[in-house]
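This report refers to the structure that appears directly beneath it.
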Amino acid sequence: MKVYEDIKPSVIIYYENPAINHAELRLIKEGLEEEGVPVETKIAKDNVESLAINAARESRLGIGIGLSSGGVCHLQHRRMLPGNPIMKIQFGVQDKSYYRLLGCNAARLAKIMPLKWM
Amino acid sequence: MIIAGADIGNNTTEIALARIKGHKPEFVAVGISTTTGIKGTPDNVVGVRLALEDAVRKAGISFKDIDLIKINEATPVIADVAMETITETIITESTMIGHNPSTPGGVGLGTGVTVPVFNLDECKVGEDLIAIIPKNVDFEDAANFINKALKRGLNINGAIVQKDDGVLISNRIVKRIPIVDEVSLIEKVPLKTKAVVEVAEPGFTVKTLSNPYGIATQFDLNPDETKSIVPIARALIGNRSAVVIRTPLGDVKERKIPAGSLLIRGENAKGTADIENGSDLIMEMVERLWPLTDVEGSAGSNANGLLSRVREIMSIVTGQTTNDIKIQDILAVDTLVRQKVKGGLANEFFSEDAVALAAMVKSSRLPMEKVAKKIGDEIKIPVQIGGIEASMAILGALTTPGVTFPLAVLDLGGGSTDAAFINGENKIKAVHLAGAGEMVNMLIAAELGINDKSIVEDIKRYPVAKVESLFSIRLEDGIVKFYEEPLDPKVFARVVLLKEGELVPLPAELNVEKIRMVRRKAKEQVFVKNALRALSRVAPASNIRLIDFVVLVGGSALDFEIPEIISDALAEYGIVSGRGNIRGCEGPRNAVATGLVLSGFKI
């Protein structure tokens, strides 16, 4: 078992379905990459609120992202309430660039830089 | 018997209500309202009525209980401010990009000829190139184009990107090159032109492109050409990434605007001061020629434009013709104005030199009799015109616990800074100077480049802080404050104003230190300067050291730091100075209104 100090600091993404979430996941990771913050991903089954907050609790940075198979996406911080994410993307959003923005904001949260809003 | 003292000021109208019991006034309530119309005009009646209503409500009495209203004999002083830049940077044929994207890609210095990334196929082997990547090219495609071209033997030495893709591209290409991204106006970048791209290591700033000789080396410039690119180098100082492109016809000019000079007429002599030489020389001349009879700008110059603007406003206010407006005092302050560089490609700003000027005119006596009559007619309470404003302010200020004769009062207002001094023999000397709160606003707005007047007013009035986490902020003095509830993510990591418990986010490019520095400097330049000027005019034998007590009153004395800044400066002269506390309870407000009630009674 890993001791806490061994865990690499990174933003953690929990997502439901590798087949369906592929495109959105890629965009989120691009946002994080551009900002230069490491990211880890894991497949998990749950509602989006729990995915996000559990990811945040798992992350050493305290920042997690939950992505449901329907494309709903929450950006969460360990100390926020589960139903009150920092940023969320609703079901059926047309503009896919929101996913990259969410990834970018996850990284900015870690770097303590102002978040970007559309 | 109940008396109301009514002080109609430039910005606010204040009331002091007192019940007279056996020849002693006993204060029962105060009222305040914004002044309606210009001070000294019949429009003021509405403001007086509103302030009276406020006081009457607090006292729990009615209008008809008031037996007498005393109004001030307003000092006929009107001040205004204006500013003129004296340098201007123009870039013809866009030649530089000097902004700070948060995440540029790669690192180093690259030189080459600009070419669109999708046209790299057409370039010859061995050519030095800079790739231009507009927003319709995906970063993966861009990386593929560049990798393919590098394999073919092209020297791609840098890239300019429109989207925020710098790091993504950098991570996907085989050679480490400097990449500047978020260049919004990329379509204006000239093609087939020599360009230099520089990205510094994190934590450092560009070295070559912020140095005129560095640019000269890259572009092979002669000494004359090197002189002409100095403004570019200056504009790029402090950036982490930069691009300089030199088009054959392109040029950057720093134009000196002929600012002109001021002709200052004193009672006994006159003199001219060049605005270009800065405010210190102007103020020295004002001191030497005091008292002034008028100030003019040299014909056709910006100085003239500046003063005629002031005159025009004055003439509207006072109803006199512009020729009759005689400027009695000016306060000049050097400043820097943040202005958009004409011809920049990514909304670059450049600080231009400017001179800010406050001017004060004495109009002919304001018709307070008319105001008094109108109040009497409309509110149906007898009105009496009380004493001179300065004397009333002193009477009011004397109710501050811990002060005594001889005493000076500094009235820090919005338009003018006034001082009055009362010596042991009850003789009062008063002076009115140009420059106060509004000038501070103008300086803050110019140096921070903010156009929104309400934001500027808030920056003046509230301390800044930086949101450091979702639950904590760090105030400008370094103290950290924690919150129970998470803060709005929209203010996260932003610089904010602490406005009455609320966090108001400010534009992202400003930082806490800069705001604090600009704010305090503006206050010092106006209020410290004017406090010293005013006090030395009213002091016995013009010697500030002979004053023992200074009481600060007026709206700007409510500011959270102006009284401290002034006290600090006056401490050098052995003066006890501080914010007044009228009647031990009103703070620096209500001095004149209180003085009006007290006048005529033995204190």
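The values are calculated or read from the model by the stated rules, or taken from the named source; none is laboratory data. Just so it is clear, the structure is predicted and the values come from calculations on it, not from any experiment. Glycine gets a Cβ as well: all are built from the backbone with ideal geometry, and neighbour counts include every protein chain shown.
Against the conditions (1) among the hydrophobic types (A, V, I, L, M, F, W, C); (2) part of a helix (DSSP H, G or I); (3) out of contact with any Pro (no Cβ under 6 Å at 6 or more places or on another chain), B:ALA557 satisfies every one except (3).
For the structure I just gave you, tell me whether B:GLY110 is more than 30 Å from B:ALA259 (Cα to Cα), of a type in the set (Gly, Ala, Ser) and modelled with pLDDT of 85 or more.
Here the answer is yes, as B:GLY110 does meet what is asked.
Set side by side, the residues A:GLY83, A:GLY92 differ, and just one is over 14 Å from the mean Cα position of the chain (by Cα), over 12 Å from A:LEU25 (Cα atoms), part of a loop (DSSP other than H, G, I, E, B) and away from every other protein chain (no Cβ under 13 Å), which is A:GLY92.
Of all residues in the stretch B:277-306, those being under 21 Å from the mean Cα position of the chain (by Cα), buried (at least 17 other Cβ atoms within 10 Å of the Cβ) and closer than 12 Å to B:ALA332 by Cα number 5. Only one of the listed residues (B:GLY396, B:GLY386, B:GLY376, B:GLY424) is closer than 18 Å to B:VAL592 by Cα and either out of contact with any helix residue (DSSP H, G or I) (no Cβ under 6 Å at 6 or more places or on another chain) or not in a helix (DSSP H, G or I) (or both). That residue is B:GLY386.
Among the candidates A:LEU101, A:LEU61, A:LEU75, single out the residue that is assigned to a loop (DSSP other than H, G, I, E, B), surrounded by 14 or more Cβ atoms within 10 Å (Cβ to Cβ) and either in contact (Cβ under 8 Å) with a residue 40 or more places away in the chain or touching a strand residue (DSSP E or B) at 6+ places or on another chain (Cβ under 6 Å) (or both). When all the criteria are applied, what remains is A:LEU61. Taking A:GLU24 as meeting all but one of (1) part of a helix (DSSP H, G or I); (2) closer than 25 Å to B:ALA508 by Cβ; (3) not small (Gly, Ala, Ser), write down the number of the exception. If we test A:GLU24 against (1) part of a helix (DSSP H, G or I); (2) closer than 25 Å to B:ALA508 by Cβ; (3) not small (Gly, Ala, Ser), just (2) comes out false. Within the stretch B:482-508, the residues that satisfy the criterion of being more than 10 Å from chain A (Cβ to nearest Cβ), of a type in the set (A, V, I, L, M, F, W, C) and under 22 Å from B:LYS453 (Cβ atoms) are B:VAL496, B:LEU497, B:LEU498, B:LEU503, B:VAL504, B:LEU506.
Only one of the numbered conditions (1) away from chain A (no Cβ under 14 Å); (2) more than 19 Å from B:ILE330 (Cα to Cα); (3) modelled with pLDDT of 90 or more is violated by B:VAL440, and that is (2).
Each residue in the stretch B:478-511 was checked for being of a type in the set (Phe, Trp, Tyr), touching a Phe, Trp or Tyr at 6+ places or on another chain (Cβ under 8 Å) and touching a residue at least 24 places away in the same chain (Cβ under 8 Å), and 0 pass.
For residues that are part of a loop (DSSP other than H, G, I, E, B), at negative phi and away from chain A (no Cβ under 11 Å), tally how many sit in the stretch B:466-481. Count: 3.
Any residue in the stretch A:4-33 that's away from chain B (no Cβ under 14 Å) and surrounded by 15 or more Cβ atoms within 10 Å (Cβ to Cβ): show its pairings with residues that are among the aromatic types (Phe, Trp, Tyr) and not in a helix (DSSP H, G or I) at Cβ separation under 7 Å, as long as the two are six or more apart or on different chains. Listed by first residue and then by second, the contacts come to A:ASN21/A:TYR15; A:LEU25/A:TYR15.
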